[in-house]
Amino acid sequence: MWNQPTSAGNGTFVQYPCRRALREHAWGPMHRGRVIIVDDDRQVRRALQRLLRVAGYEVEALEDAAAYLSHGPVEPPACMLLDLRMPGMSGLELLRAISGTPSALPVVLISGHADELTRSEALAAGATEMLEKPIDEAWLLQAVEQALAQAARPGH
């Protein structure tokens with residue numbers, strides 16, 4: 001429940017509760033929305049899960065497009081973080097397949113192999129944003145907030 005002791009700057013050490021434990025213990029679980037992560041890289045999925053959970057989001061991580069397609073409906077407000085390059089169906093192919101369907105979520109595409117052409121294709125296919133790996137945490141959280149705001153709008 002507690003993080004490791006940290007120096008207070010004056011030679012003493014102070015223990016601070018870990019953010020998640022404090023949040024759940026003191027105020028109950030906070031859910032700012034649901035984020036579905038679809039990425040074939042296990043380490044990326046875990047890192048994104050940790051970051052988003054600490055930020056107060058409910059998170060589910062899936063390993064590929066097939067897992068998402070067999071997942072079933074997602075309760076709103078929700079958005080998706082989608083890797084561009086995956087084995088089988090790519091992120092862009094999945095985005096095109098779900099775009100315009102009643103169950104479509106706002107999508108933030110992430111990639112370590114993006115160029116301007118791919119970015120413009122992703123935005124034309126309906127992505128709300130495209131971020132390059134390694135991902136800046138502040139930009140990621142801002143993109144997730146914007147995607148969830150879009151998901152909460154009537155008619156989405």
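In the condition set (1) assigned to a helix (DSSP H, G or I); (2) crowded, with 19+ Cβ neighbours inside 10 Å; (3) without any contact (Cβ under 8 Å) to a residue 60 or more places away in the chain, ILE37 is compliant with all but (1).
Taking the stretch 55-105 as the range and being touching a strand residue (DSSP E or B) at 6+ places or on another chain (Cβ under 8 Å), within 19 Å of GLU132 (Cβ to Cβ) and in a loop (DSSP other than H, G, I, E, B) as the test, the residues that pass are LEU84, ARG85, MET86.
Of all residues in the stretch 95-121, those that are free of Cβ contacts under 8 Å to residues at least 60 places away in the same chain and aliphatic (A, V, I, L, M) have Cβ atoms under 7 Å from Cβ atoms of residues that are surrounded by fewer than 20 Cβ atoms within 10 Å (Cβ to Cβ) and assigned to a loop (DSSP other than H, G, I, E, B), 6 or more apart or on another chain, in LEU95/ALA125; LEU95/GLY126; ILE98/ALA104; VAL107/GLY126.
Being in a loop (DSSP other than H, G, I, E, B), basic (Lys, Arg) and either at negative phi or modelled with pLDDT of 95 or more (or both) is a condition met by at least one residue of the stretch 129-148.
The values are calculated or read from the model by the stated rules, or taken from the named source; none is laboratory data. This one's a predicted model, so the numbers in the text were calculated from it and none came from an experiment. Neighbour counts run over all protein chains shown; Cβ positions are idealised from the backbone, glycine included.
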